[in-house]
Amino acid sequence: MSASALPKIERSPAVEGAAMHVLVALSFSHLLNDIIQALLPSIYPLLKDSYDLSFTQIGFLTFTTQVTASLLQPVVGVYTDKRPLPYSLPIGMSITLIGLVLLSLAGSFSMLLIASALVGLGSAIFHPEASRLARMASGGRHGFAQSLFQVGGNLGTSLGPLAAAFVVMPRGQIHMLWFTALALLGIVLLHRVGSWYQQRLTSAKQRATTSLSHRSAWPRRTVIQAIAVLIVLVFSKYVYLTSLTSYYTFYLIEKFQLTASQAQIYLFVFLFAVAAGTIIGGPVGDHFGRKWVIWISILGVAPFALWMPHTNLAGTVTLSVVIGVVLASAFSAILVYAQELVPGKVGLISGLFFGFAFGVAGIGSVALGKLADHTSIEHVFDVCSYLPLIGLLTVFLPDIERRRT
């Protein structure tokens, strides 16, 4: 039977405690995974100088990582809907570890691309099953569980630039090897989480019945339209986000004449704001409805995004914090909304949306890099400031919370 057909966790105090323990462990593992993932874009200024890379080549590094994850995550999700793989979580982290080691030792652009692909592969294996496990351990609070899981990843992404600024940038690429300790810790932790997952699967199979139905309450055409709108919204969020994660440091260096290390600090400020805002979306969506969270988190960013290219350094940093906090809640709300729109397909939906988010970020990074090579980084930020206006498409999403009540 599919893992998504398994019964919900009981709400007894003992089980609730165990579930929260698993959610915290998953979130911390996500933090470790994403610190490692964030190291690559965080050392782009170092790699650009060391290997004399163009902005287009910088974009291809992001493209390789993101598209590898993008193509494989839906495949992993579909497979694990039918055959859950609890111990795939430490395997994914092990592949990320290999990619990190290779990235530390790489001496050419082609080796950097291979290392980037391995980091993307590890991510592809990790995210769908970790997202499924977060839902399983949610005790019915699906938005909260996804937000807690996501906040670990976003916090890890925010710490990556700090790690780069204080460890790698001053000392060199080889010092990325220090972070193998984080990957090893993640492998140990995910093995323990995998054991809990395996026990829950065995217990749930013993209690399962064949009478469970997972048909959507909405017509097929409505579901397809809603999924299409959600995908476009993810496009707007992640292309705009990749303009910041991949090129914000270059923007600050070019426009305000900062050093690379100073720019990394401001990138950390933005990414920490993203992490801080992530935890808001899930609980608010559980209480008020996820469509409202989607409205506010994407379209609500628009005035600040449009303003940011036209202000000074202090204004840029302040607006980046507001944008990070507001935009952060979007993905967990979109993911849980889609899971509830298509019940019984947690792995497929998680793989599709994580995969698409990674893929569009990679393609967007290459496109923005080419645009920067032909124009300027400042022009890239002018163009991207209009992307949050795509949030207007949220009007076409059905009110699934209203239908359930």
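The values are calculated or read from the model by the stated rules, or taken from the named source; none is laboratory data. Source: prediction; values computed, not measured. Counting neighbours? That spans all protein chains shown, and the Cβs are built from the backbone with ideal geometry, glycine included. Heavy atoms of the whole protein, side chains included, go into the accessibility calculation; ligands, DNA and RNA do not. Shrake-Rupley method; radii C 1.70, N 1.55, O 1.52, S 1.80 Å.
Can you give me the % of accessible surface on the chain that is carbon or sulfur? Probe 1.4 Å, all protein chains present, nothing else counted.
68 percent
May I ask you to order 54-61, 309-316 by the average number of other C-beta atoms within 10 Å around their residues, highest value first?
Descending mean neighbour count gives 54-61, 309-316.
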Next item on the list: Between Pro303, Pro86, Pro283, find the one with the highest GNM mean-square fluctuation for the chain; connect C-alpha pairs within less than 10 Å.
Entry: Pro303
Checklist line | Value of relative contact order over the chain, rounded to a whole percent, pairs C-alpha under 8 Å and six or more apart | finding: 29 percent
Margin query: What FRET efficiency comes out for Thr311 versus Ser50 if R0 is 51 angstrom and r is the Cβ-Cβ distance? Round to the nearest 0.05.
Written below: 0.95
Check: If the chain between His374 and Leu113 were fully stretched, how many nm would it gain, using 0.36 nm times the residue separation less the Cα-Cα distance?
Finding: 91.7 nm
Next item on the list: Once you have a ≥ b ≥ c as the square roots of the Cα gyration tensor eigenvalues for region 25-79, tell me rounded if a/c is under 1.5, and otherwise prolate or oblate according to whether a/b is larger than b/c.
Entry: oblate
Next item on the list: Apply the Karplus parameterisation 6.51 cos²θ - 1.76 cosθ + 1.60, with θ equal to phi minus 60°, to every residue of region 389-399 and state each ³J(HN,Hα) to the nearest whole Hz, in sequence, with x for glycine and proline.
Entry: 5, 4, x, 4, 5, 4, 4, 8, 7, x, 8
Note to self: Here is the link list: Lys48/Lys237; Lys48/Lys370; Lys82/Lys291. Which ones come out longer than 24 Å on Cα distance?
What the structure shows: Lys48/Lys237; Lys82/Lys291
Check: Residues of the chain: accessible area per residue at 1.4 Å, in Å²?
Finding: 39 Å²
Next item on the list: At 18 Å minimum axial length over the Cα atoms and a Kyte-Doolittle cut of 0.5, report the qualifying DSSP H helices in the chain, or say none.
Entry: 13-42, 55-82, 88-105, 109-136, 220-256, 260-288, 313-328, 346-374
Next item on the list: For region 234-311 and region 324-349, compute the distance between their C-alpha centroids and round to whole Å.
Entry: 18 Å
